[in-house]
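Please read the structure below before turning to the comments.
Bear in mind that the values in this text are calculations on the coordinates, not laboratory data. All values derive from a computational prediction rather than experimental measurement. Neighbour counts run over all protein chains shown; Cβ positions are idealised from the backbone, glycine included.
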Amino acid sequence: MSAVVVVGLGYVGLPLAMRVVAAGHHVTGYDTDAGRVKRLEAGESYIEDVAAGEVAAALETGRFLPSASATIWTSSSTRASRSRPTSISRAAITRRWCM
Ligand SMILES: NC(=O)c1ccc[n+]([C@@H]2O[C@H](COP(=O)([O-])OP(=O)(O)OC[C@H]3O[C@@H](n4cnc5c(N)ncnc54)[C@H](O)[C@@H]3O)[C@@H](O)[C@H]2O)c1
């Protein structure tokens, strides 16, 4: 299991985030649109390809964290000792492409 950051939760990012959560990974979904993040936190979807139930199910796993903040939790990281907030780094973003 690994920790993945998906940057941008739109037509590409949100379905991607759902698939990665379903595959068993921890996903921080980072989006600068706070309104979108609030809707996701409430279990809602604004993308027709993603059902609201899918977002709610992802939240229930405890492995999906929508965030409008560049400070993310890394407690779900494969490195358990890093259970503190950290800024999204180039390395974290790179992990998106290396899963
Ligand atoms: N949708 C497609 O079919 C498609 C195909 C090829 C390439 N792309 C490219 O993929 C990217 C995403 O496309 P999309 O259709 O998902 O767009 P989208 O507009 O549906 O979603 C983009 C999301 O990213 C967020 N965002 C914008 N700037 C951000 C930032 N600096 N940090 C974090 N979040 C930010 C926006 O708030 C929005 O929620 C674009 O660069 C697009 O050109 C999309």
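Side notes on the structure shown:
- Considered as a group, the residues in region 23-57 that are of a type in the set (D, E) and either in a loop (DSSP other than H, G, I, E, B) or in contact (Cβ under 8 Å) with a residue 60 or more places away in the chain (or both) include one that is nearest to S69 (Cα to Cα), and that residue is D31.
- Scanning region 18-34 for residues that are surrounded by fewer than 19 Cβ atoms within 10 Å (Cβ to Cβ) and over 13 Å from G8 (Cα atoms) turns up R19, A22, A23, G24.
- Subset of region 1-12 (residues that are under 9 Å from the mean Cα position of the chain (by Cα) and outside any strand (DSSP E or B)): L9
- Meets criteria (at negative phi and over 12 Å from the mean Cα position of the chain (by Cα)) for R36: yes
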